[in-house]
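Everything on this sheet refers to the single structure shown next.
Bear in mind these aren't lab numbers, they're just calculated from the coordinates by the rules spelled out. Since this is a predicted model, take the numbers as computed values, not measurements. Because the Cβ atoms are built from the backbone with ideal geometry, glycine has one as well, and the counts that use them run over all protein chains shown.
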Amino acid sequence: MIQMSRHGWKRCQQRHFCDEDLDFVWIHGQEIHRTGVIFYFLGRRDIPSHLRQNETYRKLEGTTLLVSLTDELITAYRNKTACREIRKKDKRRRTLLPPHLDSASTTLPPIGPRF
C-alpha cells in the first residue's frame, strides 16, 4: 500500500483509481527516476500476457504514478504517451539560484595583471 499525499488522494478519487489499481501499477509498471521523483508507468507490455484480455487491467494501460523519494504518492493520471514525455525530463531536479547569485546576472571585475 502506497502512502498518499492529500493531493494524491484527491486525484485518485477524481480519476477513479482504487488501491488495487495503484498497487498493480506500482508492482508491474516501469520505474523511471527523473527530476527528483519516481514515475511508475504501466504500458501495454508491462501488463502480464494472461491479464491483457481482462478489461480491469486493460483500462490501466497508460496509468502513471508520481511518487516521492519517501514513497508518498504525489499524483496519478492516465496518459498512454506519458513514458515518452517522462524520458525527456532531466534526470536531476534543477535548483534555481537567487538573482544575485545567478551567473548570467553577475558581472565580475576584470582580471588584470598582478603587481
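I'd like the residue in the stretch 33-56 that is part of a helix (DSSP H, G or I) and either of a type in the set (S, T, N, Q) or within 21 Å of the chain's Cα centre (by Cα) (or both) and, out of all such residues, is nearest to R11 (Cα to Cα).
Checked the stretch 33-56; the qualifying residue nearest to R11 (Cα to Cα) is T56.
In this structure, is G8 at positive phi and out of contact with any Cys (no Cβ under 9 Å at 6 or more places or on another chain)?
No.
Report the residue count in the stretch 1-32 for those that are assigned to a strand (DSSP E or B) and more than 17 Å from K80 (Cα to Cα). Show your work before the answer.
Step one: list which residues in the stretch 1-32 are assigned to a strand (DSSP E or B), which gives 3-4, 30-32.
Within this subset, residues satisfying the condition of being more than 17 Å from K80 (Cα to Cα) are 3-4.
Residues in the stretch 1-32 being assigned to a strand (DSSP E or B) and more than 17 Å from K80 (Cα to Cα): 2 in total.
Mind counting the residues in the stretch 62-76 that are within 14 Å of C18 (Cα to Cα) and more than 10 Å from the chain's Cα centre (by Cα)?
1
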